[in-house]
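Notes follow the structure.
The values are calculated or read from the model by the stated rules, or taken from the named source; none is laboratory data. Since the model is a prediction, treat every value here as computed from it, not as a measurement. All Cβ positions, even for glycine, are placed from backbone atoms using ideal geometry, and neighbour counts span all protein chains on display. Note: accessible area is taken over every heavy atom of the protein model, side chains too, but ligands, DNA and RNA are not part of it. Shrake-Rupley method; radii C 1.70, N 1.55, O 1.52, S 1.80 Å.
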Amino acid sequence: QPQSEFHKCCTGCNRGKACPCRSCTLHMGCGAILTSRRSVLADVSKNGLALKAAPCILRGDREIVLAAVSQNGCALSYASDSLKADRQIVLAAVSQNGFALEDASRQLRGDREVVLAAVKQNGYALEDASDDLKGSREFILAAVRLSGFALAFASDDLKADHEIVLAAVSENGYALEQAPEHLRCNREIVLAAVNANVKALKYALGDWSVDREVMLAAVHNGLHLEFVSSEFKGDHGIVLAAVSRDDHAFEDASSHLKHDHDFVLRAVQQNGLALKHVSKSFTEDQNVVLAEVNQNGR
């Protein structure tokens, strides 16, 4: 018999009864299966979910399952129960797709290293971790540092922990949505969230449009100057931050800044393309034009 094939009894067969496993496509006598192991291994290496169509005995083959979950972590759902409790296989699965944690054994869903690997790949995987881990402050702090989204599945007490929330929003500003109200209006936390993702500002409570540091962080991270209050459209630092990202922002600067020679010069030094938006008098200014040439390298 070729080495690539084997002849064993399917565990679903008993005393000549038909094998209940639909994947066992070749039934011989008492339920023995003759199939190509090499072929299945090649299939799952290209598409891990091909494990679903493999004979049940091959879904308990460690090498085949490891190849499958390494290609697609979700293939763990088709592995035998014994391999769902295999630490190396589960680690490979959750590292490829964090949601594979759902199919791991109960014991491994409480394994710190396994769950952190899943959370690193996808923060929402924390939902399937053991309750003990979700209630551990030390563990949740480590988890949100890997993925701020993990905050969504922390216990209510830990969601109200200032240090944990700060770590979560620093990793991903959107985590601010999961914080309790008293922390969504905390300046330190809001500032950290905006620095991580300007769009997190929509989850902040209170009027932050009058806070210069928050607005400066927002502009630095992509907020268009047109959405900033009139007061800050005349702020040198905020406008320069906006212009450095987008030359069109100069059009939204206050009239005072648009006519301030020193400011126009600094703006063009930050972004030579801003010269397109300054008044004609500045386009004929030797220092301003030279700044544009130096900045654009031509």
Helix axis angle, 137-146 relative to the chain longest principal axis, alpha carbon, degrees: 70
Using alpha-carbon coordinates, inclination of helix 112-121 to the longest axis of the chain, degrees: 60
Packing-based order for 77-88, 100-111, using average beta carbon neighbours within 10 Å, highest first: 100-111, 77-88
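What value, in deg cm²/dmol to 500, does the helix sum -39500 (n - 2.57) over DSSP H runs of n ≥ 4 give at 222 nm once divided by the residues of the chain?
After summing the helix terms and dividing by residue count, I get -12000 deg cm²/dmol.
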Order by protection proxy (mean Cβ within 10 Å, highest first), peptides 197-210, 246-259: 246-259, 197-210
Cα long-axis angle, helix 162-171 against the chain (0 to 90 degrees, to the nearest 10): 90
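Sorted by packing (mean other beta-carbon atoms within 10 Å per residue), highest first, where do 89-96, 220-227 land?
Details: 89-96: 24.5, 220-227: 16.1.
My ranking of the peptides, most packed first, is 89-96, 220-227.
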Efficiency of FRET between LYS52 and ALA142 - r from beta-carbon atoms, R0 25 angstrom, step 0.05: 0.15
Surface/4 of the Cα convex hull for the stretch 31-122, nm²: 5.3
Interatomic Cα distance distribution for the stretch 111-261, bins of 10 angstrom, percent: 12, 36, 24, 16, 9, 2, 0
Relative compactness, the stretch 146-189, computed as alpha-carbon Rg over 2.2 N^0.38 Å: 0.95
Descending semi-axes in Å of the stretch 220-273, equivalent ellipsoid built from Cα gyration tensor: 15, 13, 8
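Treating only the Cβ atoms of Lys and Arg (+1) and Asp and Glu (-1) as charged, compute the dipole magnitude of the stretch 61-135 about its Cα centre; round to the nearest 20 debye. Walk me through the intermediate numbers first.
On the way: 8 positive and 12 negative charges, 32 e Å.
Its charge dipole is roughly 160 debye.
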Options LEU101, VAL40, TYR174, ranked by Cα towards positive dipole end of the chain, top entry (Cβ charges): VAL40
At 0.692 mPa s and 37 °C, Stokes diffusion of the stretch 61-188 via Kirkwood alpha-carbon radius, µm² per second: 224
Euclidean distance between Cα centres, the stretch 139-216 to the stretch 231-298, Å: 34
Accessible area of the chain belonging to carbon and sulfur atoms, whole % at 1.4 Å probe: 46
Farthest positive-ward along the chain dipole, Cα basis, beta-carbon charges - from VAL219, SER209, ILE57: ILE57
Which labelled figure in (1) 26.3; (2) 19.1; (3) 22.6 is mean projected area of the Cα convex hull in nm², once derived from the coordinates: (3)
Where the Cα pairs of the stretch 109-163 fall when distances are cut into 5 Å bins, in %: 5, 25, 40, 23, 7, 0
